[in-house]
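Chemist: Sharing a structure below in structure tokens format, with a few things to ask.
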Amino acid sequence: MKQYTRAEIKEIISERGVQYISLQFSDILGTVKSVDLPVTMLDAALDNKIMFDGSSIEGFVRIQEADMCLHPDLGTFMVFDDDDTMGDCLVARFICDVYKTNGEPFEGDPRYVLKKVLKKMQEAGYNKFNVGFEAEFYLLRTDETGRPTLEFSDAGSYFDLAPMDGSENCRRDIVLTLERLGFEMQQSHHEVGPGQNEINFKYADALSTCDSIQTLKHVVKKVAGAYGLYATFLPKPKEGFPGNGMHTNCSLVKDNHNVFGSENDDLRISETCRKFISGIIAHSKAITALANPTINSYKRLMSGYEAPCYIAWASANRSTMIRLPAVTSSENARIEIRSVDPSCNPYLAIAAILTAGLEEISSGKEPIKPVTENLFSESPKQLKRKHIEKLPESLEVALVELSKDAIIMECLGEHVSSKFLAAKHCECDKYQKQISKWEIDYYLPKL
């Protein structure tokens, strides 16, 4: 993240002819919101004087506490070009922290939740938590009104090229757009499902990566729209096809050294790494409510289609929720959490993951051992004998697990935890009242 000065920002805006300013922030559910200003309001924005009505934002405040202030993070400054399909005029973007009118950070701001955990990490002696996301999404065709259908953009599969990969041009333009915006892109390819894609950018510190994934989602949808397609990050958009995951790679840094690596270990990972993994496993059921926060998420988290549903870790085994990607040296050691999906609020999911890992490092407990078996082929009896449990199988169950986990609840804080649980229980209630086509087709002829 480049640390722009106020003077540099004003100079760039003047030179580029920026006409509009977008002040962005995320609500508790991870939806990006924006307050848009003419460029003449730049000084007011940089002076943290822009206010908005927080009572209208999901999970923020009550009517009598409505006024909130936006504080732009100057390191997130970015200019969207005309050819980046962002509109007819040049727009500059800042990601903002949300503050109360008394000058204190707003405890309901997801970015603030992550910042609090990062501060605790630094107090524990660690410099940085590096995170890299692998976000998957489907490209769907739209109807004559522009609404998305469930018709895939192509018939391709894993690593296919044209003509099977009909999304190639759209995916390439997404990558080029992100590069123009300053992303350090690594690779992109067609995923297993028809019309399914994955685009990866280089890992960075946790806060920067969470900011970047919010921007990536926006760019993917805008570029797809320019091709007449609809991009969806829904975890399981269609029955019988692979779900969208967001594998989360992470490592912990101390004194500019990756403390997850060790050349003295057969897997090239340290005792610290093993304990961090154990922490995630210990709190995995609560973390699932944040990493997989939609009813649809649990249509993905089941056996088959390579979706991880078993609470375990392994060096290469893809049936576990955590695995160790191949590394060339201990400095490149990292863990990959495979259960996370792109419907999550990244700030809250990463805050919970980091909290769980740090908690276990300081606990003095023996780390959990890895598994070697393909758990997809194990029977329920075999799994029970090995004390391997499954992740929650519904959002309702995950919410109960979250509410019982004092460590993760404390990480979120009273405001976010209560608002998140209330919003998600409401979601479950709405779903429970629905009568699906499957119920009618299956039961009506019999009853």
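The values are calculated or read from the model by the stated rules, or taken from the named source; none is laboratory data. Only a predicted model underlies this, so the values are computations on that prediction, with no experimental measurement involved. Here the Cβ positions follow ideal geometry from the backbone for every residue, glycine too, while neighbour counts run over all protein chains shown.
Chemist: Which of the residues belonging to region 269-299 are acidic (Asp, Glu) and either part of a loop (DSSP other than H, G, I, E, B) or free of Cβ contacts under 8 Å to residues at least 24 places away in the same chain (or both)?
Modeler: none
Chemist: So, residue 338, is that one among the basic types (Lys, Arg) and in contact with a His (Cβ under 7 Å, 6 or more places away or on another chain) or not?
Modeler: So residue 338 passes the test.
Chemist: Taking interchain pairs and intrachain pairs at least six residues apart, which have beta carbon atoms under 6 angstrom, with the first residue in region 385-397 and farther than 21 Å from residue 428 by Cα and the second surrounded by 15 or more Cβ atoms within 10 Å (Cβ to Cβ) and modelled with pLDDT of 90 or more?
Modeler: 388/310; 388/312; 389/311
Chemist: Going by the structure shown, is residue 217 under 19 Å from the mean Cα position of the chain (by Cα), in a helix (DSSP H, G or I) and farther than 21 Å from residue 132 by Cβ?
Modeler: no
Chemist: For residue 112, state whether it is outside the structural domain of residue 29 (by TED's automatic domain parsing) and closer than 30 Å to residue 359 by Cα.
Modeler: yes
Chemist: Among the residues of region 1-35, how many are under 23 Å from the mean Cα position of the chain (by Cα) and either farther than 16 Å from residue 71 by Cα or without any contact (Cβ under 8 Å) to a residue 60 or more places away in the chain (or both)?
Modeler: So the count comes out to 9.
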